[in-house]
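Shown next, in structure tokens, is the structure this report addresses.
The values are calculated or read from the model by the stated rules, or taken from the named source; none is laboratory data. Remember, it's a predicted structure, so these values are computed and weren't measured experimentally. Here the Cβ positions follow ideal geometry from the backbone for every residue, glycine too, while neighbour counts run over all protein chains shown.
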Amino acid sequence: MALLVPATRDRILEAALLSMGRVGLRRMTMSDVSERAGLSRGTIYRYFPTKEDLLAVVAEYEQDRFAEGLRAALAGVPEDELRLEKVAEYIITYLRQHPALTLLIDTEPAFVLGFLRRQLPVFHRITEELLAPVMHNASPVREGWVTVAELNELLLRVVLSVFLVPGENSTAVVGVLEGALDSMVRLAGARSRSVSR
């Protein structure tokens, strides 16, 4: 692959995401990407010789997009006001506004589930790094019901389920998510303590 100029790279990757969102992964061609990026097919092939090469870099690009977006969402919030609700809202919005995932859930659900499964450890690392103050200040962690890693796992799984199986009013779900997470953690802790007796 040729050395990519960052602006050209991002243009190609954004075009690939938009193409996936328009025609689906299987039907997306390098010509679709070329057309959406406003670049020649030769330029696309010079940087990404195959569709698989392009998709591999798209996955890395997604990790960066997610992390940068989360950083930006949390940047202006004072540390004592950071709440799990704000984090959940960002993640659900990120997933819903994704240029390809919402279409691909309907057209290629196996791809989306595989993608999310592969990306879950990456999302874990990103959220653990960026959300340490939020997680440490959450009442279930402060009270010793769960560890930061367990709360992070629960948060990501609940948020992904809200995205994958939305209810009639998902906004309301986000609004009560912090209390719901707290309750789930307490119930799970109470149940495991009664089982161990």
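Numbers for the structure displayed
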{"item": "Cβ-Cβ under 8 Å pairs, at least 6 apart or on other chains, the range 126-140 side within 18 Å of PRO78 (Cβ to Cβ) and in a helix (DSSP H, G or I), far side modelled with pLDDT of 80 or more and not aliphatic (A, V, I, L, M)", "result": "LEU130/ARG71; MET135/GLU128; MET135/ASN152; HIS136/ARG142"}
{"item": "Members of the range 74-116 that are part of a loop (DSSP other than H, G, I, E, B) and either closer than 20 Å to LEU151 by Cβ or in contact (Cβ under 8 Å) with a residue 12 or more places away in the chain (or both)", "result": "VAL77, LEU82, ARG83, HIS98, PRO99, ALA100, GLU108"}
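This table checks each residue for (1) hydrophobic (A, V, I, L, M, F, W, C); (2) under 22 Å from ALA110 (Cα atoms); (3) within 27 Å of the chain's Cα centre (by Cα).
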| site | (1), (2), (3) |
| --- | --- |
| PRO6 | no, no, yes |
| ARG9 | no, no, yes |
| GLY21 | no, yes, yes |
| LEU25 | yes, yes, yes |
| MET28 | yes, yes, yes |
| LEU39 | yes, no, no |
| GLY42 | no, no, no |
| ARG46 | no, no, no |
| THR50 | no, yes, yes |
